[in-house]
Amino acid sequence: MKEFQLCGLGNALVDIFLEISEAEFASLGFERGTMRLVDLAEQKTLLDRFQKHEPKLVSGGSIANSIIAFSQLGGQAAFIGCVGDDRYGLFYAGEFEELGIDIDNPIIVNESTGTCVSIVTPDAERTMRTCLAVASHLSARHIDEARIKNSEWLFIEGYVFANPDTGQTAVREAIRIARQHGTKVAVTCSEAFVPQVFADAFHDALQQTDLLFCNEAEACALAQAGTAEEAFNKLKGKIPSLVVTNGPYGAYIRHAAVEAHVPSFPSEPKDLTGAGDMFAGAFLYGITHGVSPEKAARGAAFLSHKVISQVGARLHHGTRQFWDECVGSHK
């Protein structure tokens, strides 16, 4: 029996939510629904401009969101990432401690913590500006062998591949340790550009991956396909387990000899942030706690529906209750 069921490897970012009007959004000149990387100065200018909106802070990063969902459901989890010694970094470390997630000591002195400003417009679309800052320093030397060795699964964030000199070394080292100690490897694409731009490193990792998560756009980019279903059919023979989510059209799953299409729950989305992160965290919780893959996907779809019905990538309460409501109580 290992100490943790799941260990995440990803960019530690503080999510900063800004709800603004259409007029304010128009004045920014940003392309709606995009994610762009920006430097510290640009991020500071953006935040200063909307300080009166009292932005909401939440510890995040794609894999971190999944790990948080996993622990809220009752799973034992660890996380590997880097934050700075500024107010955002202290907020991050403190919040993970409260959640009971083992993150060792992620604080790097004299550095700025990564932030992701999520601009939410009245149409529920989110436009993101991400400043990776010290999150992008995550490299092989930060990989803690003990935590990966003591976990049933290692879950790797696709965005980490986007740093060839640091992140990719971290991924390679983490996978090497996982393989050595019989820890299963799950990977999420994060965004369609990851398998496209960093194809070599991504495909190398996929050859040693037990479970891949992607949405329709990512799956289509990876499989050179036109639809989620076509991509799923092309990819399912290449990776032992596969989840392709398709927004309102449900998800295709293949795990432990079970193959299914699981419908989504009708939603009135307020903010699409974090739906995929929640799905992955909840699905991993299910399959590590004796729930059948189809049921686990159903519970994951229900929790994703709950996440997009509010603003923010995380449910602050009720996660376990919603899961039990959908999946039925189990051990």
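What follows draws every value from the coordinates through simple rules; no lab data is involved. No experiment lies behind these values; they were computed from the predicted model shown. Here the Cβ positions follow ideal geometry from the backbone for every residue, glycine too, while neighbour counts run over all protein chains shown.
Tabulated data
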quantity	calculated
Length-normalised contact order for segment 174-263 - Cα pairs under 8 Å, 6+ apart - percent	21 percent
Alpha-carbon Debye profile of segment 48-172, log10 I(q)/I(0) at 0.20 Å⁻¹	-1.29
Amide H contacts of Val185 (H built 1.01 Å from N, under 5 Å, at least 5 apart or other chain)	Leu154, Asp210, Leu211
Cysteines in the chain lacking a second Cys C-beta under 4.7 Å	Cys7, Cys82, Cys116, Cys131, Cys220, Cys326
Integer Hz, Karplus 6.51/-1.76/1.60 couplings in order for segment 79-90, x for Gly and Pro	9, 10, x, 10, 10, x, 9, 9, 5, 5, x, 5
Residues of segment 40-58 with amide N under 15 Å of the 7 Å Cα→Cβ point at Ser21	50, 52-53
Pairwise label distance in nanometres, Gln321 with Leu90, each label 7 Å out on the Cα-Cβ vector	3.3 nm
Spatial separation of Cα centroids for segment 1-63 and segment 262-331, in angstrom	22 Å
Order of Cys326, Cys7, Cys116 under a 10 Å beta carbon neighbour criterion, fewest first	Cys326, Cys116, Cys7
Whole-Hz couplings from phi, Karplus 6.51/-1.76/1.60, listed for segment 98-108; x for Gly and Pro	4, 7, x, 9, 6, 10, 6, 10, x, 7, 10
Separation of alpha-carbon centers, segment 207-229 and segment 116-148, rounded to whole Å	21 Å
Length released on extending from Ala41 to Gln208, taking residue separation times 0.36 nm less the Cα-Cα span	56.3 nm
Relative contact order (%) - segment 59-196, alpha-carbon pairs under 8 angstrom, separation at least six	20 percent
Long-range HN-HN contacts of Leu37 with modeled amide H, under 5 Å	Thr130
DSSP beta bridges in the chain [antiparallel fraction, %, rounded to 5]	35 percent
Residue-by-residue Karplus 3J(HN,Hα) for segment 161-168, coefficients 6.51, -1.76, 1.60, Hz, glycine and proline x	5, 6, 10, x, 7, 10, x, 5
Residue among Ala251, Ala77, Ala26 with the largest mean-square fluctuation in a Gaussian network model of the chain, springs linking Cα atoms under 10 Å	Ala26
Positive dipole terminus of segment 215-331, leading residue within Gly250, Gly290, Gly328 (C-beta point charges)	Gly290
Residues with amide H under 5 Å from that of Leu272, placed H, sequence gap 5 or more	Arg126
